[in-house]
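Inspection log for the structure reproduced underneath, given as structure tokens.
The values are calculated or read from the model by the stated rules, or taken from the named source; none is laboratory data. Just so it is clear, the structure is predicted and the values come from calculations on it, not from any experiment. Quick reminder, even Gly has a Cβ in these numbers, built from the backbone with ideal geometry, and neighbours come from all protein chains shown.
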Amino acid sequence: MYRTTNRRRFLIDATSLAASAYLFPKIARGQDTSRTRIILLGTKGGPTLGTSGRSNPSTLLLINNVPYVIDCGYGVSRQLIKAGVALDRLRYIFITHLHSDHDLEFGGLFYNAWVAKQAPYVDAYGPVGLKKMARDFFSYMKFDIDTRIVDEGMTDPRKLLTVHEFDRAGAVMQNEDVKVTSCRTRHPPITQSYAYRFETKDRSVVISGDTAYAPELAGFAKGADVLIHEAMYLPAIEKLIKQNPGSTRLREHLLAAHTSTEDVGRIAAQAEVKTLVLTHFVPGDDPSITDEQWSEGVRKHFNGRIIVGKDLMEI
């Protein structure tokens with residue numbers, strides 16, 4: 001199979017393409033923009049900046065060509081640009097929970113969209129605390145914002161962002177293109193942590209957010225076309241702890257709050273999803289872990305299509 005971009009031709013083996021689902025994410029001329037597109041912007045779990053090429057967590061859905069950004073790990077603005085999505089197209093943001101690797105660039109992404117060519121109106125959805133986060137961001141950026149409004153004639157960004165909070169699972173939002181619902185996940189000590197399900201005209205997509213093994217998530221994802229789920233590789237966790245003897249508490253947190261690859265396979269099998277996409281890798285910065293190692297535990301329980309996510313991969 002051939003694909004041409006920037007006047008260069010790349011030969012892509014059809015078998016490896018089917019296995020990895022890797023596509024160049026920029027919109028091609030004549031491409032059907034009405035279909036739902038899924039692009040992984042960042043696939044590394046945890047707050048540290050990666051050295052192995054993975055960015056912090058974020059997923060992009062383009063639904064009828066409108067961007068829906070789920071989680072705003074550091075670097076999301078630049079990843080959107082790399083994916084060929086202009087920041088002034090931003091319309092919806094969803095935050096799964098208030099951990100820094102999921103919300104650190106929430107304010108920054110909106111700000112970067114505000115100073116783009118044409119400032120967009122943005123609706124943001126997430127757990128209780130998101131409104132305060134927005135207020136605090138505007139507070140510490142007040143001098144810059146007020147200066148630019150006067151000096152550059154810019155629109156007040158505080159009038160362009162609407163934050164919608166919720167404190168329980170259920171309906172989140174609905175418009176002509178999509179219905180979004182949420183399911184509470186198991187991510188102690190955080191209690192307000194959610195998965196999202198996006199039902200569009202052509203696809204159903206579930207994004208797990210951060211979670212330990214949760215059978216209720218399997219029910220929530222039942223029959224979905226695509227389940228995008230975090231993954232933890234236990235042998236690498238043990239290796240990490242041995243290398244850092246003072247990390248006992250970290251080990252306790254990881255085992256209590258994240259899902260092993262074997263348990264991800266159980267969830268996908270119980271949910272009977274068509275495609276399982278692994279992301280939010282824990283640990284997310286160990287280049288010695290191969291794609292096969294990420295997927296082998298999953299395969300013990302799930303016989304469907306498995307994709308080991310990579311930054312800027314389109315599903």
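Worth pointing out:
- When each of Gly209, Gly223 is tested for being surrounded by fewer than 18 Cβ atoms within 10 Å (Cβ to Cβ) and at positive phi, the lone residue that passes is Gly223.
- Residue in the range 237-252 that is among the hydroxyl-bearing types (Ser, Thr, Tyr), part of a loop (DSSP other than H, G, I, E, B) and more than 21 Å from the chain's Cα centre (by Cα) present: yes
- Here Ala256, Ala231 are screened, and the one residue that is closer than 19 Å to His280 by Cβ, touching a Pro at 6+ places or on another chain (Cβ under 9 Å) and either at pLDDT below 95 or not in a helix (DSSP H, G or I) (or both) is Ala256.
- Within the range 193-205, not a single residue is assigned to a helix (DSSP H, G or I) and at pLDDT 95 or above.
- Subset tally (residues that are of a type in the set (A, V, I, L, M, F, W, C) and either touching a helix residue (DSSP H, G or I) at 6+ places or on another chain (Cβ under 6 Å) or surrounded by fewer than 20 Cβ atoms within 10 Å (Cβ to Cβ) (or both)) for the range 70-79: 2
- Subset tally (residues that are touching a helix residue (DSSP H, G or I) at 6+ places or on another chain (Cβ under 9 Å) and farther than 13 Å from His99 by Cα) for the range 42-69: 8
- Any hit, the range 278-289, residues being over 22 Å from Ile315 (Cα atoms), over 19 Å from the mean Cα position of the chain (by Cα) and not polar (S, T, N, Q): yes
- Filter result for the condition that a residue is surrounded by 13 or more Cβ atoms within 10 Å (Cβ to Cβ), closer than 28 Å to Asn303 by Cβ and not hydroxyl-bearing (Ser, Thr, Tyr), over Ala218, Ala169: Ala218
- Where Leu87 falls short, out of the listed (1) over 20 Å from Thr36 (Cα atoms); (2) crowded, with 19+ Cβ neighbours inside 10 Å: (1)
- Enumeration of residues in the range 268-287 that are surrounded by fewer than 18 Cβ atoms within 10 Å (Cβ to Cβ) and either in contact with a Leu (Cβ under 6 Å, 6 or more places away or on another chain) or without any contact (Cβ under 8 Å) to a residue 60 or more places away in the chain (or both): Ala269, Gln270, Glu272, Lys274
- Condition broken by Asn56, with the remaining ones in (1) assigned to a helix (DSSP H, G or I); (2) crowded, with 21+ Cβ neighbours inside 10 Å; (3) within 15 Å of the chain's Cα centre (by Cα) satisfied: (1)
- Under the condition of being at negative phi, of a type in the set (A, V, I, L, M) and assigned to a loop (DSSP other than H, G, I, E, B), the residues counted in the range 262-315 number 3.
- Single condition Thr147 does not satisfy, out of (1) out of contact with any strand residue (DSSP E or B) (no Cβ under 6 Å at 6 or more places or on another chain); (2) hydroxyl-bearing (Ser, Thr, Tyr); (3) surrounded by 15 or more Cβ atoms within 10 Å (Cβ to Cβ): (3)
- Pairs meeting the criteria (first residue in the range 160-172 and in contact (Cβ under 8 Å) with a residue 12 or more places away in the chain and farther than 21 Å from Asp88 by Cβ, second residue aromatic (Phe, Trp, Tyr) and in a strand (DSSP E or B), beta carbons under 6 Å, at least 6 apart or on different chains) are His164/Tyr125; Val172/Tyr125.
- The numbered conditions (1) buried (at least 16 other Cβ atoms within 10 Å of the Cβ); (2) under 20 Å from Asp101 (Cβ atoms); (3) charged (D, E, K, R) are all true for Glu262 except (2).
Here's the yes/no breakdown for (1) within 21 Å of Met154 (Cβ to Cβ); (2) part of a strand (DSSP E or B); (3) of a type in the set (A, V, I, L, M, F, W, C):
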position: Leu41; (1), (2), (3): no, yes, yes
position: Leu49; (1), (2), (3): no, no, yes
position: Tyr68; (1), (2), (3): no, yes, no
position: Gln79; (1), (2), (3): no, no, no
position: Gly108; (1), (2), (3): yes, no, no
position: Ala113; (1), (2), (3): yes, no, yes
position: Gln118; (1), (2), (3): yes, no, no
position: Lys132; (1), (2), (3): no, no, no
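- Residue in the range 239-257 that is charged (D, E, K, R) and surrounded by 18 or more Cβ atoms within 10 Å (Cβ to Cβ) present: no
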